[in-house]
Each structure stands twice: as C-alpha cells, then as structure tokens.
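Note sheet for the following structure.
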Amino acid sequence: MTGAEAAIGLRDALAAAPRNVTGFVAGGFVRPHGEALPIADPATGQTVAILHESDAHEVDAAVRAARHAFDHGPWPKTGIAARQQVLMAIHDAIMAHADELAALESINTGVPLAQTRGMHIPRAAYNFKFFAEYINHSAGELYQQEEGFLTLVSREPMGVCALIGPWNVPLGLTSMKLAAALAFGNTCVVKPSEMTPLTVARLFQLMGDCGLPEGVVNLVNGRGHVTGAALSGHPGIDMVSFTGGTETGRAIMGALAKGIKGSAMELGGKSANIVFDDADFDRALDGALLGVFANNGQMCLAGSRIFVQRPIAERFMEAFVARMQSIRIGDPLGVGTELGPMINAAQKQRMIDYVGIGEGEGATLLGGGKTVPGMATGYFVQPTAMLSHDNRARLCQEEIFGPFATFQVFDEEDEVVWLANESRFGLAGYVWTEGLGRAHRVAQVLRTGTIWVNTPMVRDLRSAFGGYKESGIGREGGRGCEAMYTEIKTTMIPVTPRPIHKLGGSNA
Ligand code: NDP
C-alpha cells in the first residue's frame, strides 16, 4: 500500500465519528439545533463534520445537569474502588479505539499520525489510569497537638467543574482535566475548541458504557465568545479549568471574579532554549528541532526562542536550518510525515506575517517562511527560522504558535539568564550544557514552571506542570490537580470535652 492509499484508508476512521457534533447533556446527545459550523480537515480545507453550537440555553441545561448530579447524585460520595473501576474502563475504551481516535485527531488537527498515535492518544488513556492510581494514595491530615482536640484536614470534591480545552492537543489536554476532575469526585461540563471537537465527542460516545452516573459528564460545543463565555459566566459552576491563550484566560478570570469562583489557567508560552558551547552538540540540535517543530510547532511549551552561545552559534544555526529544510511536510495521515498543516488559514497567515514583522524589526530570515510549493489546498507552511538581535522585538516576545524558531546569540551565562527571563511568559525552559553546576545554576534562576536539562519535553504526571507570570495559575499533575479539583475542609473535634466559656452564665 502506498502512503497516499494508507491515508485514504485512515480517513475511513471518520465513519465512526459523529458527523453532526452536538452537546451531551444529562446522559444523552442533544438533538442538533444550534448554529451549524463547519469542522475542517486542515490538510485539505474540506469540511468533514458539522458542529451544532450550544447556545446559552443548552449550556444552562448542561450546568444544571452537572449541578444536580453533584448535589443529589451518587458520584461525589462514590467510594474509591468504584471510581477507579470507571476510570479504568475509560482508559480501556480509549486504548481499544486508539487507532481510530488517533486518525480522527490527525484529520481534525493536522498533527501527524505518528505523534497522535504514538503519544497523544496513549497519553489521553494514561491520564485516566494515572488518576485512578493516584486517588488510592491521596490522604488527609491529622493534627493532635492542640490539647484535647483532634483536627482533621480532609479534601472534598470542588463541585461542578467547567473544563475548557484548546485545539492543539484536544483529547490529550481535555482528558487530563476530565480524568482528574472525575477522580476527585466532581461533575463536569466540558467545552472543547469549536475547531477540534471530534475526538472529545467520540470519547463521550465511548464513555457511555463505562459506568458513569447520569449528569456526571456533560459536553457543550461552540465558539468561545458564545458557548465558552456562557459556560464560564454561569453561576452554577464552581470553578473553571482552562487551557488556552493568555488573553482568553484573562477574560475568563474577569468573568469568574464576579462570583468569586476559582480557576486554573494553563496559558501561553515563549520558552527559551539555551544552548551553551559545552553542550553535546548533536543532542542539543535534535532537541532544539523537536522542541520547536513537534505537534506542527503548535505547542504551549515549544522552545521557540533559541539562544546559542557565540563560539558554536554559526555552526549550530547552519545545522539547524539544514535539518529543518529536510523535515518531511505532508498529509498528517501519510507514512513518514513529520510536519502537517497549520490548524486554519489564519494561523498559516500568522506564520507568514511574522516573517515580515521580524524583517521590519531587523531580523534575518535563515530559512522557510513561505507556503509549501504544490500544497496549496491545505494550510501548509514551511518550518521557519529567523535570527534576531533584539530581545525586545515582537519576534522574540510574542507567541507565534507555529513551526517558527527565533535565534539569538549570547556570550555570557548571566546575560542569557537575563534575556531568557525578559519575557511576560514563564511556562518552560530548556538548558543544554555538560556542566553540572551550570545546569543547576541556570535552572534555579530561570523564572519558569518547568526546566528540561539536556532533554526535550518529557512529562511525569506526578510532577507539577504550569506557568509562572502570564503563562498561568495553578499546576496540573498529581498534587497540582488534587489542589485544583478539591476543596479543603478542617474539622476540629474535642476528644476530651473542655469547659466552654458561658456567655451570660456564671463564669466566676
Ligand atoms: P484560545 O484561548 O483561543 O481558546 C481556548 C478555549 O477557550 C477554546 O475552547 C475557546 O473556544 C475557548 N474560549 C475562547 N473565548 C472564550 C471565552 N470568552 N470564555 C470561555 N471560553 C472561551 O486558545 P487556542 O485554542 O487558540 O489554543 C492555543 C493557546 O493555548 C496558545 O496560546 C497556547 O500556548 C495555549 N496552550 C497552553 C497550554 C498549557 O498547558 N499552558 C497547552 C496548550 C495550549 P473556541 O476555540 O471555540 O473559540
């Protein structure tokens, strides 16, 4: 079978997916009624399904269903063993449909199949397994130091969680929220990006057989300013867990302030990738390429600001551009494809516009920066690299969210730390050096939530993931999610009753 034939075959995965994507409220998919929006395959620009937007009434129904399931249903009080069974059933359902879900994710996002099948879909399944295991070890606290008293600190479910996800890794990122929220006994209303709702909708079909009581999981679909705003402004929710752009996060936090509601924000990034001249050159090169071009460059944690120390700078940039120009661009379902299309026409144009913005700021184009010859139908763009001399330039400060590397050259360790920290973002950072002391020194002073030393991105779900500064508030991962999706309660109980001061009585 040729690569093209294989890709055509995989497009049949779409047959199992909902062609008319609607909300899921109180245990069933709703009848299509809202505004119809096309869902495109970014590799072809063709419409592959229709999304029926959830309006404010449907959002209200979804929140009420989740509210009722939380206030009156069994789920918040369900024991750990039963909750684990449900979470593991969801894990198994995802793995049993992993090929189909991966093809669907690639068709909807343009991310190459090797990455959706190899990484994102297994990770989505693992999220449920991880939290099934985590809750087994989750414990409260007991203080006995106050004479005659036991003080118990326990965690309870937060309530109704609004889970809002982005388009770049739809199932992987949304499933992390869903798995954690369910594990800690919450009920949920999920809103995926209106551009990439297919795998989450399919997950809702698959979850039907996994033993969740009615109303525990609900789905609304639609544009941010319609469905997303109705959800995050709804008085019936208890918190929002959001992954997306910084400006959207700011708007949601504004809406939540009125009701004094909590939120967890996983926002944008412009992460520094620092290559010292004592680094293992080949590994640093491999890591830099992966750090900026994986997932079509559409990654919050992309190492998109690459700082190279002067003695190796020219050689490193030359090698980077040569490899970048050999990256196989193509159909996301094609065998061997390494870079697929941008999510939509606007994102493709944004990449090209930043080349002009960079040149206007005095940066030099090292390679790429154009549409891909012979691939006019989808939203394909060449992987791109520019060299800048001005850390304050837009090119170095703004998140482009595409396969776009910006190089800067530095001389001293202190200088590069200063440059890396001169950013409104603080999501991740990468350091390449063979010096152990230097690795620790630099990792300690970079103002970011995660640092990878001599490795591209690796996640351990037990550890915290989240941003400093405008990259977010709160942390995902084991303990971070426990803090996010639970309320803390302190209960004090006297074991030896102490005299109580008698107001109005005889205390003499
Ligand atoms: P957006 O901020 O545009 O959208 C994220 C989600 O919020 C979508 O579902 C969107 O709906 C919805 N939304 C938009 N407006 C509102 C609103 N007023 N109220 C409620 N919901 C709303 O982000 P993108 O989808 O474009 O994702 C890319 C961004 O996400 C990048 O900045 C990236 O860095 C960040 N990101 C961060 C990650 C992290 O872990 N820190 C991980 C991955 C991405 P719709 O799309 O339908 O408009």
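The values are calculated or read from the model by the stated rules, or taken from the named source; none is laboratory data. The structure displayed is predicted, hence computed values, not measured ones. Positions of Cβ are generated from backbone atoms using ideal geometry, with glycine treated the same way; all protein chains shown enter the neighbour counts. Ligands, DNA and RNA are stripped out before the accessible areas are found, and what is left, the full protein with its side chains, is counted by its heavy atoms. Shrake-Rupley method; radii C 1.70, N 1.55, O 1.52, S 1.80 Å.
Values computed for the structure shown
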{"item": "Criterion: open to solvent by 20 Å² or more (accessible area, probe 1.4 Å), within 16 Å of the ligand (Cβ to nearest atom) and in contact with a Phe, Trp or Tyr (Cβ under 9 Å, 6 or more places away or on another chain) - qualifying residue of S271, S263, S241, S232", "result": "S263"}
{"item": "Among (1) open to solvent by 60 Å² or more (accessible area, probe 1.4 Å); (2) more than 21 Å from L285 (Cα to Cα); (3) more than 16 Å from the ligand (Cβ to nearest atom), the one test that G378 misses", "result": "(1)"}
{"item": "Residue among Q444, Q347 that is open to solvent by 40 Å² or more (accessible area, probe 1.4 Å) and part of a helix (DSSP H, G or I)", "result": "Q444"}
{"item": "Residue within segment 423-436 that is part of a helix (DSSP H, G or I), open to solvent by 40 Å² or more (accessible area, probe 1.4 Å), modelled with pLDDT of 95 or more and out of contact with any Phe, Trp or Tyr (no Cβ under 7 Å at 6 or more places or on another chain) present", "result": "yes"}
{"item": "Failed item in (1) within 16 Å of the ligand (Cβ to nearest atom); (2) under 22 Å from the mean Cα position of the chain (by Cα), with T406 passing the rest", "result": "(2)"}
{"item": "Qualifying position, being touching a residue at least 12 places away in the same chain (Cβ under 8 Å), within 11 Å of the ligand (Cβ to nearest atom) and of a type in the set (A, V, I, L, M), among V216, V220", "result": "V220"}
{"item": "Matching entry among A288, A284, A279 (being open to solvent by 10 Å² or more (accessible area, probe 1.4 Å), more than 10 Å from the ligand (Cβ to nearest atom) and not in a strand (DSSP E or B))", "result": "A279"}
{"item": "Cross-chain or 6+ apart pairs with Cβ under 7 Å, segment 188-211 first and not assigned by TED's automatic domain parsing to the domain that holds F242 and hydroxyl-bearing (S, T, Y), then open to solvent by 10 Å² or more (accessible area, probe 1.4 Å) and part of a strand (DSSP E or B)", "result": "none"}
{"item": "Which numbered condition L256 misses (of (1) within 13 Å of the ligand (Cβ to nearest atom); (2) in contact with a helix residue (DSSP H, G or I) (Cβ under 6 Å, 6 or more places away or on another chain))", "result": "(2)"}
